[in-house]
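What follows is a set of notes on a single structure, which appears directly below.
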Amino acid sequence: MVSKRLSREVGHRRKFLAVIDDTPECERAVHYAAARSKSTNGVLVLIFVIEPGDFQHWLGVEEIMKAEAREGAEVALERFAAQVRETIGIEPEMKIRTGTTAEEIHAEIEEDQDIAILVLASGSAKDGPGPLVSSIAGRGAAFPIPVTVIPDALSDADIDALC
């Protein structure tokens, strides 16, 4: 079921969702989403999804591994948030979820009805546009919001000119 988007309702602001991961294209997606958020008086949401690993160890080891994964997610989110604050001048929302990336992105969109646009960037690798773009594209119309894919050739200056 598709939940109604509230981003245009009184008291709500349109949110741009950017996924934080370890791919080089992630930075372009964040820059575009942040610039669009600022230019449209919207909100930037940064999400980091901790993929379920092989945490099937002794309980103590499992808890340490989960804590380390969460700490890594917090560090990555804060690094991108600091970059956004410095270059764009806005304060992003930050979310951490655990599960498969595409499913958790979908769940976040369903839960936060102000999220109106998912922003991804394509990679420049010869084996395709990147794992996230490929997995999202494979879901087709399953997302209830538009997905904006930033081409790999756009620089920050090009992105700024578009926003």
- Message: With the cut-off at 1.5 for a/c, could you classify region 1-111 from its C-alpha gyration tensor as rounded, prolate or oblate?
- Response: oblate
- What size of dipole, in debye to the nearest 20, comes out for region 1-96 about its Cα centre when the only charges are +1 on Lys and Arg C-beta atoms and -1 on Asp and Glu C-beta atoms? 960
- J(HN,Hα) series, region 147-159, from Karplus relation 6.51 cos²θ - 1.76 cosθ + 1.60, nearest Hz, glycine and proline x: 10, 9, 10, 7, x, 5, 7, 6, 8, 4, 5, 5, 4
- Query: For I50, which sequence-distant residues (separation of 5 or more, or a different chain) have an amide H within less than 5 Å of its own amide H, given hydrogens modelled in the peptide plane?
  - Reply: R97, T98, G99
- Compute the length gained on full extension between D156 and I90: take 0.36 nm times their separation in residues and subtract their Cα-Cα distance, giving the result in nm to one decimal. 22.1 nm
- Sequence order, region 60-73: Karplus ³J(HN,Hα) from phi using 6.51 cos²θ - 1.76 cosθ + 1.60, θ = phi - 60°, Hz rounded, Gly and Pro as x, gives x, 5, 4, 5, 5, 5, 5, 5, 5, 5, 5, 4, x, 5
- Query: With N residues in region 6-51, what two-decimal value do you get for its Cα radius of gyration over 2.2 N^0.38 Å?
  - Reply: 1.26
- Item | Accessible surface of region 1-125 [probe 1.4 Å, protein heavy atoms]: carbon and sulfur percent | 53
- Message: At 1.4 Å probe size, put R28, R13 in order of accessible surface, largest to smallest.
- Response: R13, R28
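The values are calculated or read from the model by the stated rules, or taken from the named source; none is laboratory data. Computed from a predicted model, the values in this text were never measured in an experiment. Positions of Cβ are generated from backbone atoms using ideal geometry, with glycine treated the same way; all protein chains shown enter the neighbour counts. Accessible surface areas use protein heavy atoms only, side chains included; no ligands, DNA or RNA. Shrake-Rupley method; radii C 1.70, N 1.55, O 1.52, S 1.80 Å.
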